[in-house]
Amino acid sequence: MKNLKQASLFWSLFRVILLTLFVVNLTPLLLSQNLPQPPELIPYRKGDKWGFCDRNKKIVIECKYDFAGSFYEGLAAVQLNGKWGYIDKTGKEVIPLKYDLAGNFREGFAAVKLNGKLGYVDKTGKEITQIKYDDAWSFFGGLAKVKLNAKYGYIDKTGREVIPLKYDYAWDFFEGLAAVKLNGKIGYIDAYGNEYWED
């Protein structure tokens, strides 16, 4: 009987040890699945110049820019001598540094500013719109909000104004709808420009 109790105690203790080892070894793996990974390349300042380093703070792209933004969709906005453009992760300048301001890429496009006006470029540097807008926002769901002469509307990824610039204010699209304001009324539009006004 004594041997049976000792064996039972031994197996209970063995199970606890196995469970502890399992949890100790599995927990870091489970936690790492939920934690965001740090970016491969991080903007890095050395003196008064910016470049990029890796996670170990090893400089990968030379610190030669006046400012450097984070990478979005494989490209980062950088500034040199007052002009902005974009580089890829090898440090190659893929979009010339000729703009007065450069936004982050989203859905394959970024807003850029030149001579006080805004427009959009794709990842090759092609301007998909004229640089003519007073303000321009990121793409959401294939459309971007733009402002011209105090009126708001939307363009698609070809640069075409698919929803006329007629609204007094407009919000970004979310789940297929965007709130808009016209003549003091708030309503909604869908991606085809159909309007839904509150009574």
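Bear in mind that the values in this text are calculations on the coordinates, not laboratory data. Everything numeric in this text was worked out from a predicted model, so none of it was measured. Neighbour counts are summed over all protein chains in view; Cβ atoms, including those assigned to glycine, are modelled from backbone coordinates with ideal geometry.
Put a dot 7 Å past the Cα of residue 90, heading toward its Cβ, do the same for residue 172, and the two dots end up 3.2 nm apart. For the listed peptides 172-181, 140-149, 105-114, a ranking on the average number of other beta carbons within 10 Å per residue, highest first, reads 105-114, 140-149, 172-181. Considering only alpha-carbon pairs that sit under 8 angstrom and 6 or more positions apart, the relative contact order computed for the range 133-199 is 20 percent. Treating the range 37-109 as a set of equal point scatterers at the Cα positions, no solvent, please give the Debye-formula log₁₀ I(q)/I(0) at q = 0.18, 0.22 Å⁻¹. The Debye formula, applied to the Cα set alone, gives -0.62, -0.92.
Figure the gain on full extension for residue 160 and residue 196 (residue separation times 0.36 nm, minus the Cα-Cα span) and round it to one decimal in nm.
Values: separation 36, 0.36 × 36 = 12.96 nm, distance 2.26 nm.
Result: 10.7 nm gained on full extension.
In summary, the convex hull built on the alpha carbon positions of the range 79-199 has an orientation-averaged projected area of 7.9 nm².
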